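Single-structure report; data block below.
Please treat every number below as a calculation from the coordinates, not as lab data. This structure is a prediction, so every number in the text was calculated from the model and none was measured. Reconstructed Cβ throughout: ideal geometry from the backbone, glycine too, with neighbour counts over all protein chains shown.
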Amino acid sequence: MIKKTSQLKYQIVIILTLCIYLYYLIYRLCYTINPHSLLLSISFYYAEVHGFIALFLFFFQIWNPTNRKAPPPPPGMLVDVYIPTYNEDISILRKTVLGCMNMRYPHKTYILDDGNRPELAKASVKWGCEYIARCERSHAKAGNLNHALQLTQGEFIVIFDADFVPQPDFLDKTLGYFSDEKIAFVQTPHSYYNVDSFQFKIKKEKEKSWNEQDIFYRLMMPCRDYWNSTFFAGTAAVFWKKALDDIGGFATGTITEDLHTTMLLYKRGWKGIYHNEILSNGLAAKDLKNYHIQKLRWAEGNISLLFNNNPLFMRGLSFSQRICFFAIIFGWLIGFPKLIYFITPPIMILTGSYPIAPFDIAFIWRYVMFLAVIIFGFKFACRGYGRVRYDECYNMMNFFILIKAAFRNLFRLKSSFIVTQKGLHEAIGMYDIMPQSLLCLICFAGVAWGGFKLSYGISADFLGIGTAIFWSFINGFLALFVMESVTRPHYKRKDFRFIGGFPVQYSIRIDPEFATSAVTGNLVIRRDSGGEWFGSVIGLGVGKDINEHGISLITFTPLPFDKKVFLSLYLDQKVLQCKATILYMLHSNTLHGKMFVYGAKFEGLSEDDIDLINMYCFNTILPRFRYKFSKKPSLFLTMSSKFWKRVQFRRDIRKRITLPLIINATGYSPLTVVTNDISIAGLSFISYFLLESGVILDMEIFTPFGTLNAKGIVKHVREIMTGHSYFVRVKFIQTPECSEDILSNITGKKLKQNHIQRETYAKV
């Protein structure tokens, strides 16, 4: 558990922020309610009060995070792995089954087919796992799981959705917690690998990524663990079967069986554990339609608990558990206040009525200061995970769905469990973005009408109309941004390609004319059996991205189209040899256009080859990508980044580039990897085995300017994946004269121009 002193600064900010918000609400109620526009004024005040309650509940949940260390699992535990499925694509399911079968701890894997598909039954025999089907689909997913509980003998139940692929050490990191006999389940974070979805925001130049659910799984859930209020999130969890037997299996009274089951377990005195380490990866909804189907199901199911098993009145729950579970439900009711915030400024322009009186400079100044304090307090309390701009975008995207879910529960309309389609992209029509389109139209119409009123003297209230125009413009632009984001084509391919660099040796036969005119290096002229001369280009490149269908290949020499290329993929300890066809080329602006990016399609891969690629993608490329793009600086470093970049000049000269690298060291096997970055002082890479600090390395670096030979010493080693991946930083200790020019061309720095500067860089 994280030390209390380290969290004290966040807790102080939380208390001060809530106090200021409460003071503002009292001031608003006493002095600014407009009696001449009472309906509008009361509605707006309700939205503000709702915001305070939501903020209080949110801050309560993130009060103090835990940081648990996984105890080792005891041997001999009987584990059954459940994969519930209903008409998901078999190619998606195969990856999940393969990941489950590759988990190291002994277990049995079961496919729970609610679709009763004969082809899936045959596939399960081929994959070597068990198959369970049922003829009727009562209670959807919960019913499917309960049906399997009656037919299996395992003491512990592991649940993965059809699109969630676990890592090999999943059971090793979770089973040890059950040494406490009161533990009912262990939940792990949800993570999604298809980062081309609109739900992701990635800044490659800053090596940062953001996902809508980051703040929930990376901050809120560890903090809920502090309150003993962790809940089952539907997948990537381990259950003690006797705990499920104690409550009669998974809850069937709602379409969100996960939260309901958790509450029933806590009611009976059981405990839940949250292990805050990503141990599995699934598919995020690719399009807005399926995303909203998922959101509507979650919202309907959670809100229904207000009328059925309300946590505020459920016996057996502690005070903190009541607050935490009510907070989840209350969070889905944000649609109404957000709609009020969105439509209030156009109403102000059209009617001339204001929700606040007096609406003057004094109030605007107070409100701006209040808003700044609330935003700062929120961002600080979120420990670097909060993104106000992105959060508002998703509020704009989801407000209508949340209102719909609330009304369906209010009028007790029957809800059904609709499976979210994963891996498919459906075209977005105007119907799917109709609420945002109407809101955008209303806001910009209000802007136009407000400008017209001020321009032609219809209204002399420049302060009120001007504020409403500015507010309407912000909301309209927000709606426009959301519409553009969800309709923009994100998906160039049906299947996602995993982003990560790894060495690839390529060999391609070309015509002599192309060889003499286009190829400047790595060229071998040969004569075939018929006596004809041909050229063969052999080189070492980089795999930019990959999946089971193809690869993006970076080379330093141009290659012809529609030609077969022979590839050797260096997938850590294993080398996969295969054939591919070059389909297209993209020129890179990196290093004066001397690097070329080719799209190639695999041909003739066996099922074993496909499985090898998929497991390398999930177990190696994806964790390394997450390590690289999930680093969260402290708030202080974020606020002082400009100054930091000025004083830490090494960051200015480091070139973030991926180059093939062959390493030889005494006492170690040869290592073929790629660089993370390079400077005139050294480089870094990720190794698949441990290199000790102080080891001397002979390095051969392949670049567009030729081969760079250098000696280096290992200065820093950091483990980033247990027993599998290590971040290594190397300092150059010897570079030949010819290699110095190559290094200068890569980094853009002249080593010879200033001897003192060179020595300074070398020390860094």
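How much length is gained if the chain between Lys126 and Arg315 is pulled fully straight, taking 0.36 nm per residue apart and subtracting their Cα-Cα distance, in nm to one decimal?
Numbers: separation 189, 0.36 × 189 = 68.04 nm, distance 4.83 nm.
Taking 0.36 nm per residue and subtracting the Cα distance, the gain is 63.2 nm.
Quote the FRET efficiency, to the nearest 0.05, computed for Lys594 versus Phe689 with a Förster distance R0 of 35 Å and r equal to the Cβ-Cβ distance. With a Förster radius of 35 Å, E is 0.65.
Extension gain for Arg137 to Arg389 (0.36 nm times residue separation, less C-alpha to C-alpha distance): 86.6 nm. Projecting label points 7 angstrom from Cα along Cα→Cβ for Glu484 and Trp365 puts them 3.6 nm apart.
Of the peptides 6-17, 308-319, the ranking by mean beta-carbon count within 10 Å, highest at the top, reads 6-17, 308-319.
Would you mind calculating the relative contact order of the chain from Cα pairs under 8 angstrom and at least 6 residues apart, reporting the percent as a whole number?
On the way: 1373 pairs, mean separation 79.2, N = 764.
Contact order relative to length: 10 percent.
Near Arg134: Cβ cut-off under 10 Å, other residues only, Lys/Arg at +1 and Asp/Glu at -1. The net charge is -2.
Helix 118-127 and the longest principal axis of the C-alpha atoms of the chain enclose an angle of approximately 50°. Peptides 291-303, 549-561 ranked from most to least packed give 291-303, 549-561, packing being the mean of other C-beta atoms within 10 angstrom over each peptide's residues. About its Cα centre, the dipole of segment 204-334 is roughly 180 debye, where the only charges are +1 on Lys and Arg Cβ and -1 on Asp and Glu Cβ.
Per-residue packing, averaged as other Cβ atoms within 10 Å, sorts the ranges 45-54, 222-231 into the order 222-231, 45-54, beginning with the highest. Calculated on the alpha-carbon coordinates, the convex hull of segment 1-63 measures out at 55 cubic angstrom per residue. Spacing of the modelled spin labels on Lys182 and Ser507, each 7 Å from Cα toward Cβ, amounts to 6.5 nm. Ranking Gly316, Tyr226, Pro189 by Cα position along the charge dipole of the chain, where only Lys, Arg, Asp and Glu carry charges on their C-beta atoms, puts Tyr226 farthest toward the positive end.
Starting from the Cα-Cα distance between Ile720 and Tyr584, subtract it from 0.36 nm times their residue separation and give me the gain in nm to one decimal. Numbers along the way, then the final one.
On the way: separation 136, 0.36 × 136 = 48.96 nm, distance 3.47 nm.
Extending this stretch completely gives an extra 45.5 nm.
The label-point distance for Phe470 and Asn67, in a model that sets each label 7 Å from Cα toward Cβ, rounds to 4.1 nm.
So, counting K/R as plus one and D/E as minus one, what does the shell of residues with Cβ under 12 Å around Val714 add up to? Display every interim value, and only then the final one.
Details: positive: Lys711, Lys715, Arg718, Arg729, Lys731; negative: Glu692.
Around Val714, the charge tally is +4.
Residues of segment 13-50 falling in the label zone of Asp461, defined by backbone nitrogen less than 13 Å from a point 7 Å along Cα to beta-carbon, are 34-38, 40-41.
Taking every pair of Cα atoms in segment 79-284, average 1/r, invert it to obtain the Kirkwood radius, and report Rg/Rh to two decimals. Intermediate results must be reported in sequence, preceding the final value.
Working: Rg = 16.8 Å, Rh = 17.5 Å.
Ratio of gyration radius to Kirkwood radius for segment 79-284: 0.96.
Scaling against 2.2 N^0.38 Å puts the C-alpha radius of gyration of the chain at 1.07.
Give me the percent of DSSP beta bridges within segment 79-284 that run antiparallel, rounded to the nearest 5.
Details: 13 of 32 bridges.
Bridges in segment 79-284 that DSSP calls antiparallel: roughly 40 percent.
Taking 29 Å as the cut-off for C-alpha to C-alpha distance, list the pairs among Lys494/Lys574; Lys173/Lys203; Lys173/Lys655; Lys295/Lys379; Lys126/Lys601; Lys9/Lys208 that go past it. As for pairs spanning more than 29 Å Cα to Cα, those are Lys173/Lys203; Lys173/Lys655. Taking the C-alpha atoms only, the angle from helix 607-616 to the longest principal axis of the chain is near 60 degrees. Summing +1 for each Lys or Arg and -1 for each Asp or Glu among the other residues whose beta-carbon sits under 13 angstrom from that of Phe399 gives +1.
Could you compute the FRET efficiency for Met77 and Gln150, with r as their C-beta to C-beta distance and R0 at 22 Å, rounded to 0.05?
0.60
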